[in-house]
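Down below is the structure, laid out as structure tokens.
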Amino acid sequence: MNPRSGRWAFGLTVAAFAWSVGLVPAALVAPLYSGTAASGSGPTTSTSSTLVEVNGAQVLLIVAVPALLAALAGIALHRKCAHGSLRAERLAWVAVSVLAALAILGAASIGLLVLPIALLLGAAAALTPAPAD
């Protein structure tokens with residue numbers, strides 16, 4: 001593979017990690033749930049809630065899982081690129097697969113926000129070159 005694919009793989013990995021880390025503060029401030037509230041005979045008002053407001057602070061641990069998996073995949077891809085480690089390549093693909101599964105299982109909640117991480121890391125894993133012998 002040419003050196004440009006390694007640069008692309010690195011950039012995609014950084015983008016995936018940045019996106020995954022961004023999910024943590026987003027869980028605190030981004031409105032993920034919306035609804036309406038009626039107060040007796042008064043007007044109906046729109047409401048919105050963040051993931052943490054609805055599910056509690058413990059949800060931050062769950063939201064941090066994609067960042068941990070992205071970091072693990074990034075380290076594994078670096079080892080593949082630097083040392084040609086087949087075990088590291090397999091580990092990266094396992095992390096990508098787990099992220100894809102999380103995206104599917106969590107489709108009703110944060111799964112759609114995890115899907116770009118899995119796609120970016122999958123592309124990075126496919127592009128990561130092994131060292132020249």
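Using only side-chain charges placed at the Cβ, +1 for Lys and Arg and -1 for Asp and Glu, the dipole size of the chain relative to its Cα centre rounds to 380 debye.
Taking amide hydrogens as placed 1.01 Å from N in the peptide plane, the amide H of residue 32 sits under 5 Å from those of 49, 50, 51, each at least 5 positions away in sequence or on another chain.
Give me the percent of the accessible area of the chain that comes from carbon and sulfur atoms, probe 1.4 Å, all protein chains in place. C and S atoms contribute 69 percent here. With respect to the chain, whose longest principal axis is taken over its alpha-carbon atoms, helix 59-83 is tilted by about 10°.
Treating the angle as unsigned and between 0 and 90°, give the value, to the nearest 10°, between the Cα long axis of helix 111-127 and the longest Cα principal axis of the chain. Result, in degrees: 10. Computed 3J(HN,Hα) for segment 32-38, one whole-Hz value per residue from the Karplus formula 6.51 cos²θ - 1.76 cosθ + 1.60 where θ = phi - 60°, is 9, 10, 9, x, 10, 10, 10, glycine and proline marked x. When Rg and Dmax of the Cα atoms in Å is computed from the coordinates, the matching label among (i) 17.5, 55; (ii) 18.8, 77; (iii) 26.8, 93 is (ii).
Distance between the pseudo-spin-label points of residue 39 and residue 130 (7 Å out from Cα toward the beta carbon): 6.6 nm. Can you grab the distance from the C-alpha centre of segment 49-64 to the C-alpha centre of segment 102-129, Å, no decimals? About 20 Å separates the Cα centre of segment 49-64 from the one of segment 102-129. The C-alpha atoms of the chain define a longest principal axis, and helix 3-29 lies at about 20 degrees to it.
When the helix-only estimate is applied to the chain (DSSP H runs of n ≥ 4, each -39,500 (n - 2.57), divided by the residue count), what is the mean residue ellipticity at 222 nm, nearest 500 deg cm²/dmol?
Values: 5 runs with 94 residues, N = 133.
Value at 222 nm, helices only: -24000 deg cm²/dmol.
Model label sites at residue 87 and residue 71, defined 7 Å from Cα along the beta-carbon direction, differ in position by 2.1 nm. Just want to confirm a number: the relative contact order over the chain, from Cα pairs under 8 angstrom separated by 6+ residues, in percent. Relative CO of the chain lands at 32 percent.
The values are calculated or read from the model by the stated rules, or taken from the named source; none is laboratory data. Everything quoted here is computed from the prediction, not taken from an experiment. A quick note on method: Cβ atoms are made from the backbone with ideal geometry, for glycine too, and the neighbour counts reach across all protein chains shown. Side chains are part of the model used for accessible areas, which takes the heavy atoms of the whole protein and leaves out ligands, DNA and RNA. Shrake-Rupley method; radii C 1.70, N 1.55, O 1.52, S 1.80 Å.
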